[in-house]
Amino acid sequence: MSERADGVLGRDVNGKAAASQSTVLILGLGNPLRKDDGIGPRVIEELEARGLPEGVVTLDGGTGGLDLLRVLEEWDDVVVVDAADMDESTGGRAAGEFVRFNPMQVELSESRDGLSLHHAGLAEVLALARALDRPLPSIVIIGVQPRDIGWGEGLSAEVEAQLPALLDAVLQEAAIRRHQKIGAAHR
C-alpha cells in the first residue's frame, strides 16, 4: 500500500499525521519545468506508481523554498532526492550519475542570487536551520548530476536512462534506514 505525505506538515492521504519514529520520508525536490532539475518530483511520481513499502511515504517538495524547514522538522528520517551539480572539485560526474551523501559530507553551494524567500533551496534551508539552531532529522541526500537545467519539460536522455537504478537506490536507502530504526526501537 502506497502512502503519500500531503502538504508541508506531513499528513498522509487519510489526514492523519504520517510522521512517526518508524516512517521514512522520501522528499523529491526540484522544478519539472527546468528539465533535469525536475528529477526529485519525477522520482516521487515513479515511486508512487510503483507502490511503496510499509513505513515509507513520499512528498513532492517541488521548489518549496524556506517552507522546506517546516517539512524537515516534522520528520525523524528523510531521504532527499535532488539534482546536484557535482563539479570538478568533487570529482565531477557524468549526467545521470547519482551520489549518496549527508549534509555534513558535502558543502552545499548556496544560491548565487543570495537568500530569497522564493528561491531558497535545500542548501539555504540547511544553513537557516544551523543559524537558528533548529534540530533537523537524520537526512541522506541522493544527488543526481544534471545535464541540462534550462527551461523545458522532461529529463535529458542521460538522466532518464539512470532512472530505474536511481529508483532502486532510493527504495534501498529508505528500507535500510527504516530497518535501522526498527532495530534500534527493539533494543
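Here are the numbers for the structure shown:
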quantity	calculated
Number of the condition not met by D77 [criteria: (1) over 13 Å from the mean Cα position of the chain (by Cα); (2) more than 18 Å from E153 (Cα to Cα); (3) at pLDDT 90 or above; (4) among the charged types (D, E, K, R)]	(1)
Scope segment 162-182; condition over 15 Å from the mean Cα position of the chain (by Cα) and either surrounded by fewer than 13 Cβ atoms within 10 Å (Cβ to Cβ) or polar (S, T, N, Q) (or both); matching residues	Q162, P164, A165, Q180, I182
Residue within segment 32-46 that is closer than 21 Å to D148 by Cβ, charged (D, E, K, R), at pLDDT below 90 and surrounded by fewer than 16 Cβ atoms within 10 Å (Cβ to Cβ) present	no
Matching residues in segment 135-159 - criterion: being buried (at least 17 other Cβ atoms within 10 Å of the Cβ) and outside any loop (DSSP other than H, G, I, E, B)	I139, V140, I141, I142, G143, V144, V159
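The values are calculated or read from the model by the stated rules, or taken from the named source; none is laboratory data. It should be emphasised that the depicted structure is a prediction, and the values quoted were computed from it without experimental measurement. Note: ideal-geometry Cβ built from the backbone for every residue, glycine included; neighbour counts use all protein chains shown.
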